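To start, the structure itself, in structure tokens.
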Amino acid sequence: MNAYISTSCFPNTTLFDNINICSEITEGFVELSAPHPFIEIKNIIKMLLNFKKKNINFTLHNYFPPQKEDFILNFSTSIPKNKNLNKKLIEESLEICKQISSPVYGVHPGYLYESSKKNENGL
């Protein structure tokens, strides 16, 4: 049995460093998830392929890869702009899975109602 640890467990750390930390704990099984600063998908794929050469295994979860424009992942949104952002994220996630031979992309379905991001005061 394999246990994957999420890169979301170590905030304020680069994705590269997070992968190293997680892979040491789980002997090479890493779940890629939020939060991480934006990185272009081609650079993410290049990084992950280099880790794969070191026998690191990946699965993707929810809000990964990090997006240039932050938004709330919600499949049940009725807002056209958000639908497009959701679709783009999922397409990028599936492309990463394909490139790194990861058979799983785990994702939550969304919310029953629209939600919004909190401001810097938590409101």
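The values are calculated or read from the model by the stated rules, or taken from the named source; none is laboratory data. As the structure is a prediction and not an experimental result, all values here were calculated from the model. When we count neighbours, we look across all protein chains shown, and the Cβ atoms used for this are built from the backbone with ideal geometry, even at glycine. For the accessible areas, the whole protein counts, side chains as well, though only heavy atoms, and no ligand, DNA or RNA atoms are used. Shrake-Rupley method; radii C 1.70, N 1.55, O 1.52, S 1.80 Å.
Structural remarks
- Rounded, prolate or oblate (a/c below 1.5 giving rounded, otherwise prolate when a/b exceeds b/c) for the stretch 34-103 by Cα gyration tensor: prolate
- Lysines with Cα under 23 Å of Lys68, excluding same-chain neighbours fewer than 8 positions away: Lys42, Lys46, Lys81, Lys83, Lys87, Lys88, Lys98, Lys117, Lys118
- Estimated distance in nm for a label pair at Ile72 and Ala3, the labels positioned 7 Å out from Cα along Cα-to-Cβ: 3.3 nm
- Folded to 0 to 90 degrees: helix 15-26 orientation relative to the chain principal axis, Cα: 60 degrees
- Ratio Rg/Rh [Cα only; Rh per Kirkwood] for the chain: 0.98
- Exposure ranking of Ser23, Ser78 by accessible area [1.4 Å probe, largest first]: Ser78, Ser23
- For the stretch 1-103, trypsin sites (Lys or Arg not before Pro) are listed when DSSP marks them as loop and at most 13 other Cβ atoms sit within 10 Å of their Cβ; the list is Lys53, Lys54, Lys68.
- FRET efficiency, Gln99 to Asn20 (Cβ-Cβ, R0 25 Å, nearest 0.05): 0.80
- Folded to 0 to 90 degrees: helix 80-100 orientation relative to the chain principal axis, Cα: 10 degrees
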